[in-house]
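Every number in this text was worked out from the coordinates using simple rules, so none of it is lab data. All values derive from a computational prediction rather than experimental measurement. Positions of Cβ are generated from backbone atoms using ideal geometry, with glycine treated the same way; all protein chains shown enter the neighbour counts.
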Amino acid sequence: DTEVTQTPKHLVMGMTNKKSLKCEQHMGHRAMYWYKQKAKKPPELMFVYSYEKLSINESVPSRFSPECPNSSLLNLHLHALQPEDSALYLCASSQEGYRELFFGEGSRLTVL
Amino acid sequence: AQKVTQAQTEISVVEKEDVTLDCVYETRDTTYYLFWYKQPPSGELVFLIRRNSFDEQNEISGRYSWNFQKSTSSFNFTITASQVVDSAVYFCALSEDNAGNMLTFGGGTRLMVKP
């Protein structure tokens, strides 16, 4: 079983809805990531948090708003999304000094 | 700029066959890290291996083996005696030393192992 837990596994939302994706890890990792993956494509980096501070934002539209309440939790707040935002959203974490990322199973988002 | 190319988009084999997944990378850094991840239908990317640019030793882990050749900028992955459970999408990825833990992924290779 993955040690990075993402909820919900599936989410369907309208373009006017506000929803959130949640990610939790208890491995003591201090870096956490959000990736977006469209069908038959590789994951694309969205955000990186390091020690609970946003360190990288890959020019993601403001309708995606990340939040890191503590070192174990990472949220992605969604508002006014477009149908083209439908994708698998993957959370990952990594340990200080190590390069390997550990991924959750993802949240599959459908925007109607 | 860094780039990872997985030329094989799909491979289909019959169980017990050996299969090699190709990965070619481009980077200007002398220090970098290469990875292979497996993505089964469940969606999670499973870490398989990390190699740094100073370690060209090939590695074997059970039925899996990796061949890292800096001379050809390749980091190929071989599964020996494939099994149906090996069916997944496999991603090769690169992380440059000065890019933190940011991964550049290849396009992925979908491996289908038929019984």
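Numbers at a glance
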item: Signed unit charges on C-beta, dipole axis of the protein assembly as shown, positive-most listed residue B:Ser65, B:Ala7, A:Cys23; result: A:Cys23
item: Cross-link pairs A:Lys41/B:Lys70; B:Lys3/B:Lys70; A:Lys40/B:Lys16 - those with Cα-Cα distance over 19 Å; result: A:Lys41/B:Lys70; A:Lys40/B:Lys16
item: Selection of trypsin sites (Lys or Arg not before Pro), region A:1-110, meeting DSSP coil and at most 16 other Cβ within 10 Å; result: A:Lys9, A:Arg30, A:Lys38, A:Lys40, A:Arg63
item: Two-site label geometry, B:Glu10 and A:Tyr98: point separation in nm, points 7 Å out along Cα→Cβ; result: 3.6
item: All lysines inside 21 Å of A:Lys22 as judged from Cα atoms, apart from same-chain residues fewer than 8 positions distant; result: A:Lys9, A:Lys36, A:Lys38, A:Lys53
item: Difference of contour (0.36 nm per residue) and Cα-Cα distance, A:Leu112 to A:Ser72; result: 11.3 nm
